[in-house]
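Structure first, then comments.
Please treat every number below as a calculation from the coordinates, not as lab data. What you see is a predicted model; the values in this text were computed from it and never measured.
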Amino acid sequence: MASTSPQRKPAVKQATCTYCAQVVEVARRAMSIFCPHCKKRLILEDYKIRSYYAVREFFTCGDIVVERRGHVVAPIKVGNLTVKGKVHGHVTARGRVSICKAGWFKGELEAPTLCVEGGAVVDGFLRIGVTPQDAGSESAKAGARRS
Ligand SMILES: [Zn+2]
């Protein structure tokens, strides 16, 4: 019989794969891993952006904060996103997106939760609170036919 050890600090945390959406257990201090499901490299770090930052893709399982002087131009996949500066791109978040009062967003935004403060600029296509499952069942319903 294995004895249950009392209150061991978990050395792992859970991350959701940016590419295949599978939940992966990772070492708490790991900066990146290879997804065991799709074999792609996942970034686990949190970012704070304080300047102009334009990249081909900006993907992380962690969180991104765009500070007041930050200006990100990139497709973004992220856990939680906080925008105090500017973001231009297609954003897919697994958690919460907050656009603060001096924030500026242009592009496409998909997230379970969006919080926009008064004064923020949001210019784009939003898809909030729509899970892929919802979208799937909707199209399944639309596709279903009585015969
Ligand atoms: Zn994966």
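Reported to two decimal places, what Rg/Rh ratio describes segment 34-73 when computed on Cα atoms with Rh from the Kirkwood expression? Mind dumping the intermediate values first?
Details: Rg = 12.1 Å, Rh = 11.3 Å.
Looking at segment 34-73, the ratio lands at 1.08.
How large is ³J(HN,Hα), in whole Hz, for each residue of segment 32-37 in order, when computed from phi with the Karplus curve 6.51 cos²θ - 1.76 cosθ + 1.60 and θ = phi - 60°, using x for Gly and Pro?
Whole-Hz 3J(HN,Hα) from phi for segment 32-37: 7, 9, 9, 4, x, 8.
Once amide H atoms are placed 1.01 Å from N in the peptide plane, what residues at a sequence separation of 5 or more from H71, or on another chain, have their amide H within under 5 Å of its amide H?
Residues meeting the amide H criterion: S51, Y52, Y53, K86.
Starting from the amide H of V121, placed 1.01 Å from N in the peptide plane, find each other amide H under 5 Å away whose residue is 5 or more places distant or on another chain.
G103, W104, F105
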